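Visitor: Sharing a structure below in structure tokens format, with a few things to ask.
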Amino acid sequence: MNSLYYQKKLSRNVGDKFFTSLSVFCAFIAILPLIFVVTYILIKGGAQINSDLFTLEPNPPGDDLDAGGINPALIGTLIITTIASIIAIPVGVGGGIYLAEYSKGGPFSKFIRFGVNVLAGVPSIIAGVFIYALIVSTKILFGSMYSGLAGGMALSILMLPTVIKTTDEGLKLVPNELRYASLGIGASMYTTILKITLPSAFRSIATGVVLGIARAAGETAPLIFTALFSYYYIVGFEDLFYEMGSLAVLIYNFALEPYDAQNKLAWAASFILVISILSVNIFSRILAAFTVKTKRV
Amino acid sequence: MIKNTKKLQKNNILSLEDVSISYGTFEAVKNVFCNFKRGDITSLIGPSGCGKSTVLRALNRMNDLIPNCSLKGTVLFDGTNIYDKRVDPVEVRRRIGMVFQQPNPFPKSIYENIAFGARINGFTGNMDELVESSLRKAAVWSECKDKLNDSGYSLSGGQQQRLCIARTIAIEPEIILMDEPCSALDPISTLKIEETMHELKKNYTIIIVTHNMQQALRVSDMTAFFNAVEYEDGDGGKVGYLAEFDSTKKIFNSPKEKTTQEYISGKFG
């Protein structure tokens, strides 16, 4: 008869210990890149932060004395992301509403769901090339070629699947009783969605939108084909129709320069990009956590 | 004799004529003939799976929301077949309100819970008054009056259910359908809801599905007993039918059908 006490030497206990430590080890390895990347960027980039960075234009490479700032790229990223959101949020939320509320699971909605999943997996560079072919090379937008507008469109393609999916899933989480309650007192489908279902799902949709924005803001490849890059301040509305700088492309351009000043600028831009995307992600986490807490008991 | 039936017809607010309801190819309930009288409380009782909730949902076209659900036959409401192609289900639901099994207040304030339905129905009168009178009629005013701006979820289950009844009353329907309104509630809340129903009887026609036979006996004037039989082809599926429909007294004291007798005495179900 075996003793009831825990025996270390037993083969099942040894195996158990081994696999536990193995999985802990793998988990640790998995998180290492994130820790290294973030700390490296924080240290290298954090050192470059000063007030000029936010206000000056970058100087063209070659003048090794002073690289200037990243103001145009910073503003450019904001503008391009905003354009992307303006396009992707209404379309995405609308599509998500169709999937969750109106579609009856027929072939059309299955096709859309499948399409959205495929779109989510499309490499970002494809979105860039697509907009390049559609808008940039055809000069269809008032004769302008590379433009902030085109960049925003390319990013909106990347945002769309996230927004559609989270809207769809957020709406599906709303209990059916709530819809019945509203319809049962004579509300139309449209009133029910607008006044009852959407507000109930608001936070999960907002979380998805924020995540979509965070993804889009860090994209480089689609912007190289569409918004290109600019060294100059964005001063007016018409600048939307010209080349526009962005943090991601600035990093791409300047990190490869042989000059130290430009490299430092790229580090600084990386720092700001990482910090902002990190904080946007954390913000969406808080939003999501808030949703769980306020959910119906 | 003919005169007599005519008078009866006039009193019928809702009539089912040869109604069969199917989910896809599965027939849930078939060949129901039933007349609901204006101003009565009618109970639908019967074992699980006999289709009584299905029938109830058919009365204000809530079944439209369930995919694959289809109805054959005629449901006459004030002389109009509500399954006519020209009928707007939204309008039907405004005239025939529904209270559900689980209390399902909107995630809004108590006041807004009541005002929402009224507002979408184009109510232009004094909203404060309407909210108060609806809550009073549903016998939940005293518990709510000091916290009209609190969330509907801050109430207890029984209070929430009465809030849902008040919400339905606020749209001033002609009929109120209740799908096991007390099954999620404790006995005291149940008692209060039943008192509320007695109050409501003065102004509304009520049709209630209940599993609780004592409740049917306590609240209703008429009782419809639904039963389920196995298909004749014998593949184990069951189809519901209306076994007996009579005054509650008769159903509980001297039912015509043997199955009714067995069900109300607790032999099955």
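Visitor: If a residue has to be more than 14 Å from chain A (Cβ to nearest Cβ) and among the aromatic types (Phe, Trp, Tyr) to count, how many in segment B:78-110 make the cut?
Guide: Summing the residues that are more than 14 Å from chain A (Cβ to nearest Cβ) and among the aromatic types (Phe, Trp, Tyr) in segment B:78-110 gives 1.
Visitor: Give me the residue from segment A:92-111 that is free of Cβ contacts under 8 Å to residues at least 24 places away in the same chain and in a helix (DSSP H, G or I) and, out of that set, farthest from A:Asp168 (Cα to Cα).
Guide: Looking at the filtered set, the residue picked out is A:Pro107.
Visitor: Determine whether B:Ser134 is within 20 Å of the chain's Cα centre (by Cα), at negative phi and more than 9 Å from chain A (Cβ to nearest Cβ).
Guide: Against the criterion (within 20 Å of the chain's Cα centre (by Cα), at negative phi and more than 9 Å from chain A (Cβ to nearest Cβ)), B:Ser134 qualifies.
Visitor: For the list (1) over 25 Å from B:Leu65 (Cβ atoms); (2) modelled with pLDDT under 90; (3) among the polar types (S, T, N, Q), I need the number of the one condition that A:Ser188 fails.
Guide: The number of the failed condition is (1).
Visitor: Quick one: which residue in A:Gly115, A:Gly76, A:Gly143, A:Gly106 is out of contact with any Pro (no Cβ under 6 Å at 6 or more places or on another chain), over 18 Å from A:Leu211 (Cβ atoms) and within 14 Å of chain B (Cβ to nearest Cβ)?
Guide: Every option except A:Gly106 fails the conditions.
Visitor: Before we move on, is B:Gly122 within 22 Å of B:Phe77 (Cβ to Cβ), of a type in the set (Gly, Ala, Ser) and more than 22 Å from the chain's Cα centre (by Cα)?
Guide: Considered against the rule, which asks whether it is within 22 Å of B:Phe77 (Cβ to Cβ), of a type in the set (Gly, Ala, Ser) and more than 22 Å from the chain's Cα centre (by Cα), B:Gly122 comes out as yes.
Visitor: Select from segment B:160-178 the residues that are of a type outside the set (A, V, I, L, M, F, W, C), surrounded by 22 or more Cβ atoms within 10 Å (Cβ to Cβ) and more than 10 Å from every other protein chain (Cβ to nearest Cβ) and list them in ascending order.
Guide: Once the filter is applied, which keeps residues that are of a type outside the set (A, V, I, L, M, F, W, C), surrounded by 22 or more Cβ atoms within 10 Å (Cβ to Cβ) and more than 10 Å from every other protein chain (Cβ to nearest Cβ), segment B:160-178 yields B:Gln160, B:Gln161, B:Arg162.
Visitor: On to the next question. Which one of these is farther than 30 Å from B:Met178 by Cα and touching a residue at least 12 places away in the same chain (Cβ under 8 Å): A:Thr138, A:Thr162?
Guide: A:Thr162
Visitor: Can you name every residue in segment B:72-103 that is under 19 Å from B:Val209 (Cα atoms) and more than 16 Å from the chain's Cα centre (by Cα)?
Guide: Correct list: empty.
Visitor: Which ranges mark the helices (runs of 4 or more DSSP H) fully within segment A:161-237 that have 1 or more residues being over 23 Å from B:Gln101 (Cα atoms) and within 14 Å of chain B (Cβ to nearest Cβ)?
Guide: Qualifying helices (runs of 4 or more DSSP H): A:198-217.
Visitor: Could you tell me which residue of segment B:111-131 is nearest to the other protein chains (Cβ to nearest Cβ), considering only residues that are more than 25 Å from B:Ile208 (Cα to Cα) and of a type in the set (S, T, N, Q)?
Guide: By that ranking, first place goes to B:Thr124.
So that you can scan it fast, the table gives a plain yes or no per residue for (1) outside any strand (DSSP E or B); (2) modelled with pLDDT of 90 or more; (3) charged (D, E, K, R):
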position: B:Thr223; (1), (2), (3): no, yes, no
position: B:Asp233; (1), (2), (3): yes, no, yes
position: B:Gly236; (1), (2), (3): yes, no, no
position: B:Gly266; (1), (2), (3): yes, no, no
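Visitor: When segment B:55-76 is examined, which residues are found to be within 14 Å of chain A (Cβ to nearest Cβ) and touching a helix residue (DSSP H, G or I) at 6+ places or on another chain (Cβ under 7 Å)?
Guide: B:Arg57, B:Asn60, B:Arg61, B:Met62, B:Asn63, B:Asp64, B:Leu65, B:Cys69
Visitor: Here's another thing I want to ask about it. Looking at (1) outside any strand (DSSP E or B); (2) more than 10 Å from every other protein chain (Cβ to nearest Cβ), which is the only condition B:Val32 fails?
Guide: It fails just one condition, (1).
Visitor: Right, here's the next one. Collect the residues in segment B:137-157 that are assigned to a helix (DSSP H, G or I), more than 14 Å from chain A (Cβ to nearest Cβ) and either loosely packed, with under 13 Cβ neighbours inside 10 Å or under 22 Å from the mean Cα position of the chain (by Cα) (or both), keeping them in residue-number order.
Guide: Within segment B:137-157, B:Lys137, B:Ser142 qualify.
The values are calculated or read from the model by the stated rules, or taken from the named source; none is laboratory data. These figures come from a predicted structure and were not determined experimentally. Here Cβ is always computed from backbone atoms with ideal geometry, including for glycine, and neighbour counts include all displayed protein chains.
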